[in-house]
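Data block below; observations after.
Taken together, the values in this text are just the output of simple stated rules run on the coordinates, not laboratory data. All figures in this text were calculated on a predicted structure; none of them were measured in a lab. Cβ placement follows ideal geometry from the backbone for every residue including glycine, while neighbour counts extend to all protein chains displayed.
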Amino acid sequence: MKIINATLRKTPGLHTITCEGAQISAITLQSAHIPAQAGDIDARGQLLIAPFVEPHIHLDAALTAGQPEWNLSGTLFEGIERWAQRKETITHEDTKLRAHATIRMLAEHGIQHVRTHVDVTDPTLAALRAIIEVRDEARHLIDLQIVAFPQEGIESYAGGRELMTLAVELGADVVGGIPHFENTREQGVSSIKFLMDLAERTGCLVDVHCDETDDPHSRFLEVLAEEARVRGMGSRVTASHTTAMGSYDNAYCSKLFRLLKASKINFVSCPTESIHLQGRFDTFPKRRGVTRVAEIDRAGMNVCFGQDSIKDPWYPLGNGNILRVLDAGLHICHMMGFEDLARSLDLVTDNSARTLNLGEGYGIAVGRPANLVVLDAESDYEAVRRQAKARVSIRAGKVLMTRVPEQVEFS
């Protein structure tokens, strides 16, 4: 297979990418536009990118909004209450059907790598067992990482430590946490030490829901970062949300950023969900409730955007389109200068791949997997401005999905 007349990000000229089997075998700079031969995919000068990456979503909760009740207050904590109700009715097949339906939404938007958080504060671990099966069944569409996520706490939930340990034994790839939701500060700190011990012992990655609150006194990020620093695990550790950082004062953040840079941890922001859930206790002025994405990025640390939810108790909307989240994030985080817009796809491709530790399993280079997407745009700027769709998605050297661009006719 050859993809011809392709524009590559941050690289001038048109290129031909040759795939042999499931790998990229050659990348050639063209001297001019060339005609397509039988079997070629003509990119028509549009962007050829490595697939979009979804670094933070909850497949086990997807498509459950309003079941059995809607989250009327729109708060994080009512969302947790509504989810606790829904958990009582979860079945194996129900979880699998909703997860597969959501994965197809993601795949049709050019996403091929996904990290999902799965609630393990359930004595039966029913959702985890179902999503582990989905991971294998959906391999033709996506690569799926599973986070053992203790939605109701590790220390505050009865048997939380044992459930986390069992979740990893059953096949979770990533150890999660939620220290700000534990009953006390001491339990929050203890939960971080436990989960880091578990990850270090088992070789798992780490992804913690950390300080997802407007409370400026919620400061578990410093604990997570220091644990990562002293253990030398920073590149394998992710702090998700960190929305309290948007309420920290600058004096504290100045000190915190020194530690964060030294720790080398990754960050995920979910801007559409955070701006919806946070600021709920404010009258006016209302906080944006999003972490300091631009400041993290400009300090040279790794940060990316995730969708978080698709029609669940915390967020009633969502359709799998990561560019919708990118567009919102750039607005919310004051990243609308042209330099940010011109490399904006980093926040949903390369940075996200680094967060997931995909390494040489990701990217457009000879010898790497032939997982590629042709976008209906010629640049990052045009992709986000026009909310470009994936025109062709290629996985393991085979066409996975094609889309015919919309045509509008005026009478």
Inset, instruction - Would you mind ranking ARG86, ARG139 by Cβ crowding within 10 Å, fewest neighbours first? - result: ARG139, ARG86
Inset, instruction - Provide, for segment 53-361, the number of lysine pairs with alpha carbons under 29 Å apart, each pair being eight or more places apart or on different chains. - result: 10
Inset, instruction - Can you tell me the 0 to 90 degree angle between the C-alpha axis of helix 322-332 and the longest principal axis of the chain, rounded to 10? - result: 60 degrees
Legend entry - Helix 76-87 vs. the chain, principal-axis angle (Cα, 0 to 90°, nearest 10): 90 degrees
Legend entry - segment 196-308 - percent relative contact order, Cα under 8 Å, separation 6 or more: 27 percent
Inset, instruction - Have a look at SER379, SER73, SER263 and tell me which one the Gaussian network model of the chain (Cα, springs below 10 Å) gives the largest fluctuation. - result: SER73
Legend entry - Distance from segment 242-301 to segment 312-345 (C-alpha centre basis), Å: 16 Å
Inset, instruction - Would you kindly calculate the translational diffusion coefficient of the chain, applying Stokes-Einstein with the Kirkwood radius from alpha carbon pairs, for 20 °C and a viscosity of 1.002 mPa s, and quote it in µm² s⁻¹ without decimals? - result: 98 µm²/s
Inset, instruction - Rank VAL134, VAL290, VAL373 by mean-square fluctuation in a GNM of the chain with C-alpha springs under 10 angstrom and give only the top-ranked residue. - result: VAL134
Legend entry - Footprinting exposure proxy for CYS270, CYS210, CYS333, CYS19 (fewest neighbouring C-beta atoms within 10 Å first): CYS19, CYS333, CYS270, CYS210
Inset, instruction - With springs only between Cα atoms under 10 Å apart, run a GNM on the chain and tell me which of LEU326, LEU144, LEU170 wobbles the most. - result: LEU170
Legend entry - Percent RCO, i.e. relative contact order, over the chain, from Cα pairs under 8 Å lying at least 6 residues apart: 19 percent
Inset, instruction - Given the peptides 247-259, 4-16, arrange them by the average over their residues of other C-beta atoms within 10 Å, most packed first. - result: 4-16, 247-259
Legend entry - Amide H contacts under 5 Å for ASP143, placed H, 5+ residues apart: HIS113, VAL114
Inset, instruction - Show which lysines lie in cross-link reach of LYS2 when reach means a straight Cα distance below 17 angstrom and same-chain residues fewer than eight apart are skipped. - result: LYS398
Legend entry - Between helix 160-170 and the chain: long-axis angle, C-alpha atoms, 0 to 90°, nearest 10: 30 degrees
Legend entry - Cα gyration tensor category, rounded, prolate or oblate, for segment 1-84 with a/c compared to 1.5: prolate
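Order of ILE34, ILE178 from fewest to most other C-beta atoms within 10 Å?
ILE34, ILE178
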Inset, instruction - Using only the Cα atoms of segment 277-359, build the gyration tensor, take square roots of its eigenvalues as a ≥ b ≥ c, and label the shape rounded, prolate or oblate: rounded if a/c is under 1.5, else prolate if a/b is larger than b/c, else oblate. - result: oblate
Inset, instruction - Assuming a ≥ b ≥ c are the square roots of the Cα gyration tensor eigenvalues, decide whether segment 205-273 counts as rounded (a/c under 1.5), prolate (otherwise, with a/b larger than b/c) or oblate. - result: oblate
Legend entry - segment 281-385: chymotrypsin sites (Phe, Trp or Tyr not before Pro) falling in loop per DSSP and having at most 15 other Cβ within 10 Å: PHE281
